[in-house]
1. So which of 346, 353, 324 ends up being within 25 Å of residue 247 (Cα to Cα) and among the hydrophobic types (A, V, I, L, M, F, W, C)?
2. Between residues in region 336-351 that are without any contact (Cβ under 8 Å) to a residue 60 or more places away in the chain and residues that are among the aromatic types (Phe, Trp, Tyr) and part of a helix (DSSP H, G or I), which pairs lie under 7 Å by C-beta distance while being six or more apart or on different chains?
3. Using the structure shown, decide if residue 261 is modelled with pLDDT of 95 or more and in contact with a Leu (Cβ under 9 Å, 6 or more places away or on another chain).
4. Test residue 218 against the criterion of being of a type in the set (Lys, Arg), assigned by TED's automatic domain parsing to the domain that holds residue 286 and closer than 28 Å to residue 321 by Cα, and give yes or no.
5. Keeping to region 68-97, report how many residues are among the aliphatic types (A, V, I, L, M) and buried (at least 23 other Cβ atoms within 10 Å of the Cβ).
6. Could you go through region 314-321 and let me know if any residue there is hydrophobic (A, V, I, L, M, F, W, C), crowded, with 18+ Cβ neighbours inside 10 Å and under 15 Å from residue 332 (Cα atoms).
7. What number of residues within region 400-425 satisfy the criterion of being in a loop (DSSP other than H, G, I, E, B), in contact with a strand residue (DSSP E or B) (Cβ under 9 Å, 6 or more places away or on another chain) and at pLDDT 95 or above?
8. How many of the residues in region 198-238 are surrounded by fewer than 14 Cβ atoms within 10 Å (Cβ to Cβ), part of a helix (DSSP H, G or I) and charged (D, E, K, R)?
Amino acid sequence: MTGFLLVRGARQLLTLRGSSAPRRGPALRDLGLIEDGAVLIRGGQIVSVGSTRRVENLTEARSAREIDATGRVVMPGFVDSHTHLVSAPARLADYEADLAGSKREQIDAGGGGALARARARRALSGSRLLLQARRSLRAFICHGTTTVEGKAGHGLDQTGELKTLRVMAALDQRPLDVLPTFMSGPVLPLEWANRGDDYVEWVCARLLPKIRRRKLARFVDVAWGPEGLSPEQARGVLETARARGFQIKMHAEQPSPSGAARLARELGAVSADHLVYADPEDILMLAASPTLVTLLPGASFHPDLGRFPPARAFIEAGAAVALATDFNPSRSSTHSMQMVMGLACAQMRMTPAEAVAAATINGAHALGVAGRVGSLEAGKQADLILLDVPDYRELTYHFGGNLVAMIVKRGQILCQQGEVQWPDD
């Protein structure tokens, strides 16, 4: 064994190499495509990327272990920059009630809804939460995700929030990169009902310092709503978080117009997410800012909101657009970035190339890790996937399936789809 791995013969190699800045406008469609491409890897890092003829003739490649990618697409692993990775089991009664047309208020009154999900999660031990999250990670891996963000929040108390964050810490690099976020949700815990100011004081004075000291989260995310934080209280949490060294994110303009996009821009949020109800002013403002626009079409599709984020308007205005699953057991129960990309093209009129860049390099920018993942370039982590198709546009042309044939994380094969054993005629 030389320690080198050579992925060779790719029909299309999507490198996504280019500017170190997030992709906008025409750059969002530049995939750095190489026909008959190869990637040379050592020690979990990419050594060289280029044509197969050039890379396989490098001295280091001559005795490398080989992966034959003939006829396939090779591209960076997906970067899913918005998920609720550690969650309680699916509340199927809520799901059926939703399908039957029940309003959220009716579901809440019947003992379901966000608080019921939060109580169910708090009731689970850390080991049960870890087991469930690992099951989700396996599904993410099989669908080609190699880096994932996960949100705490709705833990209802300090014990619940820290338990969720510790589970994510235990998952990080085993085997995926898991980037944790602490989130204050739109629904206050029962213990803090009608005491939003007291809740904010507790979060800012007690919880955030402990999370920061233990290095349990990189980001703080806030959503506000009529049953949760007010805009002023959300500002207080975010300003305190930023002062304590956290990067900040925001749920914005869903389930209704809220003004959160403006606050995200004002406070320099890394990303503003959802944005279903972004208006023309929001779009122009975010397009002129460094804030990533993270769109979550799965959150519109599964509950059938009848409205998707205005991706085309954001792209044409020059915004840096990312895509993510918003995986959670209540509203967007998918692990598949392929499904999200298909929705982005079919319902939001993104092109396949734009969807690829939004699901890889711009997702990495939305997590502040584009220096090491999101593209195939020398010096970056060897996180890549092989697709069992000859053209990347088939990723969004086919929907509801899984085209990933192999997943490589830091140079190690994590998952490989098996061959079908046809019975003898």
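1. 324
2. 343/301
3. The answer is yes for residue 261.
4. yes
5. 7
6. Checked region 314-321: no residue is hydrophobic (A, V, I, L, M, F, W, C), crowded, with 18+ Cβ neighbours inside 10 Å and under 15 Å from residue 332 (Cα atoms).
7. The total comes to 3.
8. Going through region 198-238 one residue at a time, the tally reaches 5.
The values are calculated or read from the model by the stated rules, or taken from the named source; none is laboratory data. This is a predicted model, so every value here is computed, not measured. Cβ sites come from the backbone with ideal geometry, for glycine too, and all protein chains shown count toward neighbours.
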